[in-house]
Amino acid sequence: VRGVRNAGLQAALLLVLLIFLFLGSWRQSLVMIVTLPVTILINFGLMTLLGFSLNIFSLGGLVIAVGVVLDTSIVVLENIARLRKERETDPIERVCVDAVDEVGPAVMASTVSYLALFVPFLLVPGLTSLLFRQLVLVIAGIVVISLFVALTVTPLLARTVLKKHKAADSTEGVSCFENLFRAATTSYGSILHTMLQHRWAVFLLFALTLAAGLFVFKKTGREFLPMMDDGRVIVKVRLPTGAAVGETEKLLRLIEDKAKKDPLVKSAFTMAGGRVWGLVTYEVANEGQVDLQLVPRSKRPLSTKKYIARLRKELKKYKKKGSKIMVRQMRIKGIRKMGRADIELEISGPKTEKLFELAKKSEKALRQIPGLTNIHLSLDLTKPEYQVILDREKAAELGVTARGVATGLRTLVGGSVASRFREGEELYDIRVIVPEERIVSRKDVEELILPTKRNSHVRLRDIARVVEAVGPVEIIREKQVKQVIVRCDVAKGSIGKAVDLINERVKAMNFPPGYEFEFGGKAQMMGDMGGTIFGIIAFAVLFSFIALVVQFNNMRLPALILTLVPVTLVGMVFALKTSGLFLGATVGIALLVVIAAAVNDGVLLITFAEELRDTKNLSVIEATIQAAKIRLRPRVMTTLTTLVSFIPLALNIEEGADMLQPMAVAAIGGLSLEIVVALFLMPCLYVATTRETN
């Protein structure tokens with residue numbers, strides 16, 4: 001939490017520096033410096049009313065919102081400053097009112113469109129929307145607050161600060177930047193004019209970019225949630241069935257002693273003879289685990305993932321015949337559906353023996369896939385047991401039913417509660433059972449006495465055979481159907497690519513009728529996430545389209561703005577592929593931020609171009625170039641401020657940002673390409689689809 005909080009503070013600092021650089025005046029920068037904390041503090045009050053806590057997701061929403069919070073204020077302040085320079089003799093009050101009137105409809109439209117993009121998170125069900133609800137609501141709250149601040153507090157502060165101000169208060173360095181930006185604006189106008197004349201070549205170039213993005217998208221890895229570099233490691237030990245708990249503890253002691261000598265290990269906890277699942281601990285003599293907590297990330301040279309890879313190699317020497325030592329990072333607590341491993345292949349069908357056979361074949365297929373580790377089955381058919389084979393004819397002659405045999409043996413061997421003993425307020429079961437020392441061999445089982453319907457008794461050997469055999473340790477059922485799970489972890493690559501390879505190999509096995517497989521755990525959650533994200537995007541685009549149609553009073557311009565969205569998303573794919581990160585649930589937030597930026601820039605350009613055509617009777621190309629040049633500064637500033645706010649999270653300097661790093665990297669890539677699309681492709685598409693008016 002502290003790491004994400006510091007990322008927010010760093011983002012705010014970068015934001016202030018960027019604003020000062022662009023505005024070129026400490027007076028105007030002061031307006032932004034006051035506006036930022038006012039908006040954030042009001043949002044803290046809103047979070048308190050909603051009962052939100054400070055956690056990674058809510059703070060992540062604040063970090064994202066830091067870049068968005070000043071977008072509307074920047075547009076308003078920049079327009080006030082521009083009109084102030086053009087109308088120096090007019091009262092500052094009149095300039096502020098006219099500036100807000102000029103850009104007010106545009107910023108309101110862009111804000112409503114922005115909110116429309118995030119509303120689906122409250123409507124679409126699923127774990128993904130549930131996880132990011134606080135993050136999304138924090139962003140939505142800040143966007144609404146920032147709109148009111150931009151239309152009220154910002155003009156008020158601008159009036160106060162700029163009242164006696166005639167010329168720009170700037171240092172030499174800032175003046176150089178101002179001159180540089182003016183030259184860049186002039187050059188931009190010339191380049192845009194040339195591109196508008198050859199706009200079909202521009203369309204072809206961006207079409208090739210989109211095609212390249214689709215190709216890279218297929219090669220990009222996928223995951224559900226990024227693992228945190230929190231140093232939580234678990235070493236799971238499983239000995240052959242029937243091993244005594246003492247043998248299990250002996251092996252665990254060796255691992256624990258090794259861990260205690262490692263300076264990177266802060267603490268170790270060992271449990272022998274048991275398995276933890278949720279809040280329940282099961283007694284299993286041949287299983288155990290060692291939980292390791294590494295020192296903080298800043299104090300160790302290895303990431304948790306690299307430490308696990310090293311430890312996995314070092315523990316190979318402790319492995320005995322028939323035993324398994326599996327090293328993995330502890331899963332995120334609180335999400336039970338994530339399962340016990342990265343990938344869980346669930347094979348279901350009617351017969352246990354056939355399930356086990358298919359599972360063994362699947363396990364063999366998984367071992368041939370590089371990058372997979374900790375491969376094991378949930379079903380163990382090696383548990384030694386006695387099986388009673390009933391001679392039904394003899395049993396019928398002696399007046400014994402199969403149900404009677406089963407009930408009698410269950411009582412004698414497993415015991416049955418006959419009554420309860422009360423002591424104070426406590427009740428203790430009185431269990432009828434044959435003493436353990438009386439059943440130590442097969443012969444003892446055969447000598448067990450069972451009642452008959454004729455009020456007599458027979459020995460088990462008179463009506464059945466007792467044979468030594470092996471059977472399953474446990475039988476798992478899902479929706480009343482028997483199931484065997486093949487589990488594995490991904491040591492190299494992404495879970496998404498591993499799932500694709502496993503799916504391909506297992507499908508080639510051609511399961512018999514009545515037997516099928518599906519993926520559980522993280523793989524299942526990835527599939528659910530894909531459907532949830534698709535639903536969110538579909539609703540987001542629909543709601544944004546409706547908001548823009550109401551604003552423009554036609555369907556052509558909103559469709560034009562939203563047509564450019566797929567091209568901007570290519571930048572996200574390129575950024576993730578270049579950085580080696582994967583597509584996951586958090587990237588969905590970045591996707592909406594990039595779409596919002598594209599919509600915002602489209603509204604700022606097209607509304608002003610339409611206004612110039614109506615008021616000054618300019619041609620489409622002239623109005624587009626003039627609008628693009630005048631709105632260049634606010635469009636670049638709003639996009640860059642949003643982009644800059646993601647930089648601390650993308651660098652992942654401190655602990656806690658691992659989960660949000662893919663989101664930040666994807667947002668930076670998408671926003672970088674969005675600037676290019678907004679500056680060049682959007683004007684070309686607007687000119688190509690707009691008719692000249694007489």
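The values are calculated or read from the model by the stated rules, or taken from the named source; none is laboratory data. Fair warning: this is a prediction, and the values are worked out from it, not measured in the lab. Cβ: placed from backbone, ideal geometry, glycine included. Neighbour counts: every protein chain shown. Note: areas computed on protein heavy atoms with side chains; ligands, DNA, RNA excluded. Shrake-Rupley method; radii C 1.70, N 1.55, O 1.52, S 1.80 Å.
Worth a mention:
- Unmet criterion (only one of (1) free of Cβ contacts under 8 Å to residues at least 40 places away in the same chain; (2) closer than 19 Å to residue 563 by Cα) for residue 631: (2)
- Residue within segment 252-271 that is of a type outside the set (Phe, Trp, Tyr) and at positive phi present: no
- Of everything in segment 657-694 that is in a loop (DSSP other than H, G, I, E, B) and among the hydroxyl-bearing types (Ser, Thr, Tyr), the residue that is least open to solvent (accessible area, probe 1.4 Å) is 690.
- Taking helices (runs of 4 or more DSSP H) as the structural unit, no element lying wholly within segment 20-106 holds at least 3 residues that are of a type in the set (Val, Ile, Thr) and on the phi > 0 side of the Ramachandran plot.
- Positions within segment 20-70 being at pLDDT below 80, within 27 Å of the chain's Cα centre (by Cα) and aliphatic (A, V, I, L, M), in sequence order: 54, 56, 59, 62, 63, 64, 65, 66, 68, 69, 70
- Residues that are open to solvent by 20 Å² or more (accessible area, probe 1.4 Å), touching a residue at least 24 places away in the same chain (Cβ under 8 Å) and among the β-branched types (Val, Ile, Thr), drawn from segment 194-236: 209, 216, 234
- Selected residue [open to solvent by 40 Å² or more (accessible area, probe 1.4 Å) and under 36 Å from the mean Cα position of the chain (by Cα)] from 383, 360, 394, 351: 360
- From 38, 34, residue being closer than 18 Å to residue 92 by Cβ and open to solvent by 40 Å² or more (accessible area, probe 1.4 Å): 34
- Candidate set: segment 512-536, residues that are of a type in the set (A, V, I, L, M, F, W, C) and touching a Gly at 6+ places or on another chain (Cβ under 8 Å); chosen: the one surrounded by the fewest Cβ atoms within 10 Å (Cβ to Cβ): 519
- Residue within segment 629-640 that is over 24 Å from the mean Cα position of the chain (by Cα) and at pLDDT 85 or above present: yes
- Condition check for residue 322: modelled with pLDDT under 90 and surrounded by fewer than 15 Cβ atoms within 10 Å (Cβ to Cβ): yes
- The set of residues from segment 250-297 being open to solvent by less than 40 Å² (accessible area, probe 1.4 Å) and closer than 25 Å to residue 654 by Cβ comprises 262, 264, 265, 291, 292, 294, 295.
- Wholly enclosed helices (runs of 4 or more DSSP H) of segment 122-180 bearing at least 2 residues open to solvent by 30 Å² or more (accessible area, probe 1.4 Å) and at pLDDT 75 or above: 133-151, 153-161
- Meets criteria (touching a Ser or Thr at 6+ places or on another chain (Cβ under 9 Å) and open to solvent by 10 Å² or more (accessible area, probe 1.4 Å)) for residue 98: no
- Filtered residues of segment 402-418 (kept if open to solvent by 60 Å² or more (accessible area, probe 1.4 Å) and either more than 30 Å from residue 244 (Cβ to Cβ) or over 51 Å from the mean Cα position of the chain (by Cα) (or both)): 403, 407, 418
- Cβ separations smaller than 7 Å between residues 6+ apart or across chains give the following pairs from segment 273-288 residues that are under 18 Å from residue 239 (Cα atoms) to residues that are assigned to a strand (DSSP E or B) and open to solvent by 70 Å² or more (accessible area, probe 1.4 Å): 273/283; 274/281; 274/282; 274/283; 275/282.
- Here residue 17 clears all of (1) in contact with a Gly (Cβ under 6 Å, 6 or more places away or on another chain); (2) at pLDDT 75 or above; (3) not hydroxyl-bearing (Ser, Thr, Tyr) except the condition numbered (1).
- Of all residues making up segment 571-614, the number that are in a helix (DSSP H, G or I) and either open to solvent by less than 20 Å² (accessible area, probe 1.4 Å) or small (Gly, Ala, Ser) (or both): 27
- Note on segment 617-654: among residues that are hydroxyl-bearing (Ser, Thr, Tyr) and part of a helix (DSSP H, G or I), the one that is nearest to residue 13 (Cα to Cα) is 645.
- Where residue 329 falls short, out of the listed (1) over 20 Å from residue 225 (Cβ atoms); (2) open to solvent by less than 40 Å² (accessible area, probe 1.4 Å): (1)
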